[in-house]
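Here's the structure, in structure tokens; my notes come after.
The values are calculated or read from the model by the stated rules, or taken from the named source; none is laboratory data. Here the structure is a predicted model, which is why all the values come from computation and not from measurement. Cβ atoms come from the backbone with ideal geometry, glycine included; neighbour counts cover every protein chain shown.
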Amino acid sequence: MAERRVFCSSTKEERLDRYLSRELPGLTRSRLQGLIRQGKVLVDGLPAAKSGQKLKAGQEILLEIPPPEKAETEAEDIPLDVVYEDEDLIVVNKPQGMVVHPSRGHREGTLVNALLHHCRRLSGINGVLRPGILHRLDKDTSGLLVAAKTDGAHLDLAEQLKKRLVKREYLALVHGHPRAKQGTVDAPLGRHPRERKKMAVSPGARNAVTHFTLLEEFAGVSLLRLRLETGRTHQIRVHLSYIGHPVLGDPVYGRRRDSFNLPGQALHACCLGFTHPRTGEALEFTAGPPSAFQRVLEDLRGGR
């Protein structure tokens, strides 16, 4: 059945889609605009004229959210490294080489395919019945990722991400040695001006902030611990390349040749913390890096 939500505007002048986006952070602006076009949003009992319709204080907004459509993605019996699971959410340790979302060229073998088989209850946020992936990891970045099973959990966790209340820490092996033991890269990120599949530091783009701590130094290589303040596409990889310390094995932003024979970038999401959306309990999970990462680290520690 469709879900019905009622709001009462308290603002003097604000776009309808912007107001709903703030009240429902788990729904994207494009999803809300689609519902407005479909006549699923009433303002004082009348269908909203357009997404940019200006609201006045005291107006009643009725939103009808249709039941989610069945996902086109097929469920697949793919083993998952489940770190934590309950009726609201699931935390997994994603292996290096696994794509999170299906896309052109990656219709099978993704984390979503695996979750569709594993989970019986799925989030239906944004109109498609699928596991509620709230944040992504690149294909060749391993580590911890949370998915919501219910719409309530999805909305709550999305709000925590928006307010930067989710703890996300990474380990990375990088070329060179940072001058400072600790530091922050505060550089806005946007699409590369010529290579559209890449991201780049770009003045005026979306703000992006990465904090780093130097853990160990080796011959020409450093082990860093990184904390995300924002979560932009390829953020850590671009920021580290920008300051002259690209991630080992990064085929896009790193050095073309190195002697480490890694299957991808040496970047691992090692720590994930958030507040449980239903119980209010503070949760924190950790996971060690994959074998290829560990092999290089042990070789470096041994001086080889």
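Per-structure values
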read-out: Residue ranges of strands (runs of 3 or more DSSP E) in the stretch 32-112 with at least 3 members within 27 Å of Phe274 (Cβ to Cβ) and out of contact with any Phe, Trp or Tyr (no Cβ under 8 Å at 6 or more places or on another chain); value: 89-94
read-out: Residues (small (Gly, Ala, Ser) and exposed (fewer than 12 other Cβ atoms within 10 Å of the Cβ)) located in the stretch 246-261; value: Ser259
read-out: Residue match in the stretch 50-58 (condition: polar (S, T, N, Q), farther than 29 Å from Ala153 by Cβ, in contact with a strand residue (DSSP E or B) (Cβ under 9 Å, 6 or more places away or on another chain) and surrounded by 15 or more Cβ atoms within 10 Å (Cβ to Cβ)); value: yes
read-out: Yes/no for Ala219 being in contact (Cβ under 8 Å) with a residue 12 or more places away in the chain and crowded, with 17+ Cβ neighbours inside 10 Å; value: no
read-out: Residue identified as surrounded by fewer than 22 Cβ atoms within 10 Å (Cβ to Cβ), modelled with pLDDT under 95 and under 30 Å from Ser291 (Cα atoms) among Gly190, Gly176, Gly105, Gly132; value: Gly105
read-out: Condition broken by Tyr242, with the remaining ones in (1) in contact with an Asp or Glu (Cβ under 9 Å, 6 or more places away or on another chain); (2) surrounded by fewer than 18 Cβ atoms within 10 Å (Cβ to Cβ); (3) under 20 Å from Leu189 (Cα atoms) satisfied; value: (1)
read-out: Evaluation of Ala269 against (1) of a type in the set (A, V, I, L, M, F, W, C); (2) without any contact (Cβ under 8 Å) to a residue 12 or more places away in the chain; (3) buried (at least 20 other Cβ atoms within 10 Å of the Cβ) (one fails), failing number; value: (2)
read-out: Residue that is modelled with the lowest pLDDT, among those in the stretch 3-27 that are part of a loop (DSSP other than H, G, I, E, B) and touching a Gly at 6+ places or on another chain (Cβ under 9 Å); value: Gly26
read-out: Which listed residue, of Leu189, Leu145, Leu165, Leu171, is under 30 Å from Gly302 (Cα atoms) and either in contact (Cβ under 8 Å) with a residue 40 or more places away in the chain or assigned by TED's automatic domain parsing to the domain that holds Val100 (or both); value: Leu171
read-out: Selection within the stretch 136-163 - assigned to a strand (DSSP E or B) and either modelled with pLDDT under 90 or among the polar types (S, T, N, Q) (or both); value: Ser142
read-out: Candidate set: the stretch 28-49, residues that are buried (at least 18 other Cβ atoms within 10 Å of the Cβ) and within 14 Å of Arg4 (Cα to Cα); chosen: the one nearest to the chain's Cα centre (by Cα); value: Leu32
read-out: Subset of the stretch 251-280 (residues that are among the polar types (S, T, N, Q), closer than 14 Å to Tyr84 by Cβ and in contact with a strand residue (DSSP E or B) (Cβ under 7 Å, 6 or more places away or on another chain)); value: Thr275
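Matching residues to (1) farther than 29 Å from Leu137 by Cβ; (2) touching a residue at least 40 places away in the same chain (Cβ under 8 Å):
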site: Glu14; (1), (2): yes, yes
site: Arg18; (1), (2): yes, no
site: Gly52; (1), (2): yes, no
site: Ala57; (1), (2): yes, yes
site: Leu63; (1), (2): yes, yes
site: Pro67; (1), (2): yes, yes
site: Arg107; (1), (2): no, no
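Conditions tested, residue by residue: (1) within 30 Å of Leu155 (Cα to Cα); (2) out of contact with any helix residue (DSSP H, G or I) (no Cβ under 7 Å at 6 or more places or on another chain); (3) buried (at least 20 other Cβ atoms within 10 Å of the Cβ); (4) at pLDDT 95 or above.
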| position | (1), (2), (3), (4) |
| --- | --- |
| Lys197 | yes, yes, no, no |
| Ala205 | yes, yes, no, no |
| Thr213 | no, yes, no, yes |
| Val238 | yes, yes, yes, yes |
